[in-house]
1. Determine the relative contact order of region 23-165: mean sequence separation of Cα pairs under 8 Å and six or more apart, normalised by residue count, in whole percent.
2. Report the rotationally averaged projected area of region 94-165 based on its alpha-carbon convex hull, in square nanometres.
3. Which one of 122, 13, 142 has the biggest mean-square fluctuation once the chain is modelled by GNM with Cα springs under 10 Å?
4. Would you mind listing how long region 23-84 runs along its three principal axes, going by Cα atoms, in whole Å with the largest first?
5. Once you keep just the Cα pairs under 8 angstrom separated by 6 or more residues, what percentage relative contact order results for region 14-65?
6. Can you give the calculated 222 nm mean residue ellipticity of the chain, where each DSSP H run of n ≥ 4 adds -39,500 (n - 2.57) and the sum is split over every residue, rounded to the nearest 500 deg cm²/dmol?
7. Sorting check: for 130-136, 26-32, which peptide has the highest mean count of neighbouring beta carbons within 10 Å, and how do the rest follow?
8. Using only the Cα atoms of the chain, construct the convex hull and provide its projected area averaged over every direction, in square nanometres to one decimal.
Ligand code: ZN
């Protein structure tokens with residue numbers, strides 16, 4: 001595979017990104033740190049960004065606008081809930097911004113996010129903190145390579161910028 005073939009499934013892609021909300025506030029950035037590595041086609045990043053990176057090549061710089069539908073989802077508009085700390089298993093350290101899977105009465109797992117830990121109370125939301133938010137990504141494609149068989153099996157990249165285990 002040539003070093004600069006178009007990006008597609010099965011490639012480990014390293015990107016620098018800066019994520020901004022519609023007010024221009026920087027939510028997250030890789031710049032000043034090592035680039036993020038992800039497995040293209042592995043659903044490691046939001047679908048709207050992965051779709052706009054497909055077909056690009058190393059050295060490309062562009063801005064990707066991602067709608068909530070292709071980002072972190074629409075807001076359920078369900079208000080946050082205050083629950084007792086005792087509702088969570090005691091061995092799980094709860095931190096603001098954490099995502100957990102909650103088991104409903106029907107046994108289905110639903111993601112929840114911890115908004116706040118307030119003494120004996122925990123404030124939770126059914127929505128990702130960026131649900132309903134249009135996202136603007138400033139992207140630079142830094143490097144690409146073919147994923148190894150092990151990375152394909154795990155569904156994520158190993159090595160610099162990827163998983164370490
Ligand atoms: Zn792995």
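1. Value for region 23-165: 32 percent.
2. Values: hull surface 34.0 nm².
Average of the hull's projected areas for region 94-165 equals 8.5 nm².
3. Comparing 122, 13, 142 in a Gaussian network model of the chain, the most mobile one is 122.
4. Here the spans come out as 48, 25, 25 Å, largest first.
5. On the way: 41 pairs, mean separation 13.2, N = 52.
Here the relative contact order equals 25 percent.
6. Values: 2 runs with 13 residues, N = 165.
The per-residue figure over the chain is -2000 deg cm²/dmol.
7. Numbers: 130-136: 17.4, 26-32: 12.1.
Going from most to least packed, we get 130-136, 26-32.
8. For the chain, the mean projected area of the Cα convex hull comes to 11.8 nm².
Where a number appears in this text, it was derived from the coordinates with a stated rule and is not lab data. This structure is a prediction, so every number in the text was calculated from the model and none was measured. Neighbour counts run over all protein chains shown; Cβ positions are idealised from the backbone, glycine included.
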